[in-house]
Amino acid sequence: MHTNVDVTASRTRTLLTGSASTDPAGTNPAVMAAARFAPAGPVVDAPSAAIPISVRLRRASRRGALPFTVFVAVTTTYIVYSVWQWNTFYIKSWDLGIFTQMYHGYASGNLPIVAIKGDGFNLLGDHFHPLLIVFTPIFALFPQPLTLLVIQDLCFGLAAGVVTWSAQRHIGPIAGVVVGVAFGLSWGLQYSVQAQFHEIALAVPLLAAALAAVLERRWWWACALAALLPFVKEDLGLTVAAVGGVIAVLGQRRRGLGLALWGIVSFSLTVFVILPALNAEGA
């Protein structure tokens, strides 16, 4: 009984491994049958040209290649334009000089005092944007206005990559790329790049990430990211309230209503309390 089981197991191993080491004479019927029907050459994968383009795009989207490509394309396009602005002395407004002075103050460990706006003028009394301080380390390394232009371009490119990532997960890789590029090169962002650095540089990627989290039902991340927006500019508290309303409608009433309440409260505090207190003219 044991002998028959051992012989059967030996033949099974031989058939699976394709090895004739246990049958040097080559007389094992199982080995001969396997050899007869085995392919003449090595087994190779199908050439990449035979893989449908839709399949290759899905694989690329899963690896993050498509969102990264959109990020690089949008960022590069805007940086090229910003460098052209800088080299041709194209000045849209005073704002680039204003924010440059603000970052000089932050980099020196001081308040954002901007002499362009007036003697001892605290820029947080003009618009409430304390979260912009996060860019200070980069500006400290490259303390010139062009740095702010490049930072904004990177932020817009990042937002386009996030939109592409989210869109392709819900409508497919091709449509996702179209949506991401359309967003990244939309008129609103183009005009913002032309107008040079503003608070919107940080608001756009934060809002894009918050809305992507909403689509993914990552409620904690959606609320946390959206809750930061009032620290980018005071009027974004109303945008936060709108995002909270959407979250509440989608079934997360407690989170959504709490976020909406935070948006309204933050807007009211900054507009009616903080800005008048920091503004020399009380307005």
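All of the numbers you see were taken from the coordinates with simple rules; none came from a lab. Nothing here was measured: the structure is a model prediction, and the numbers come from that model. No Cβ is skipped: glycine too gets one built from the backbone with ideal geometry, and neighbour counts run over all protein chains shown.
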(request) Return the sequence-ordered ³J(HN,Hα) values of region 185-195 in whole Hz as given by the Karplus equation 6.51 cos²θ - 1.76 cosθ + 1.60 applied to θ = phi - 60°, using x for Gly and Pro. (result) 9, 5, 4, x, 6, 4, 5, 5, 5, 5, 6
(request) For region 204-276, divide the Cα radius of gyration by the Kirkwood radius and give the resulting Rg/Rh value with two decimals. (result) 0.99
(request) Would you work out if region 59-278 is rounded, prolate or oblate? Take a ≥ b ≥ c from the square roots of the eigenvalues of the alpha-carbon gyration tensor; rounded if a/c is under 1.5, else prolate when a/b is larger than b/c, oblate otherwise. (result) oblate
(request) Work out from phi, with θ = phi - 60° and the Karplus expression 6.51 cos²θ - 1.76 cosθ + 1.60, the ³J(HN,Hα) of each residue of region 150-167, listed in order in whole Hz, and give x for Gly and Pro. (result) 5, 4, 4, 4, 4, 5, 5, x, 4, 4, 5, x, 5, 4, 4, 4, 5, 5
(message) I need to check one value: relative contact order of region 59-278, counting alpha carbon pairs closer than 8 Å and at least 6 residues apart, in percent.
(response) 21
(message) Which of PHE68, PHE183 has the fewest other C-beta atoms within 10 Å, and how do the rest follow up to the most?
(response) PHE68, PHE183
(message) With a cap of 16 neighbouring Cβ atoms within 10 Å, and only residues DSSP puts in a loop, list the trypsin sites (Lys or Arg not before Pro) found in region 204-283.
(response) ARG217, ARG218
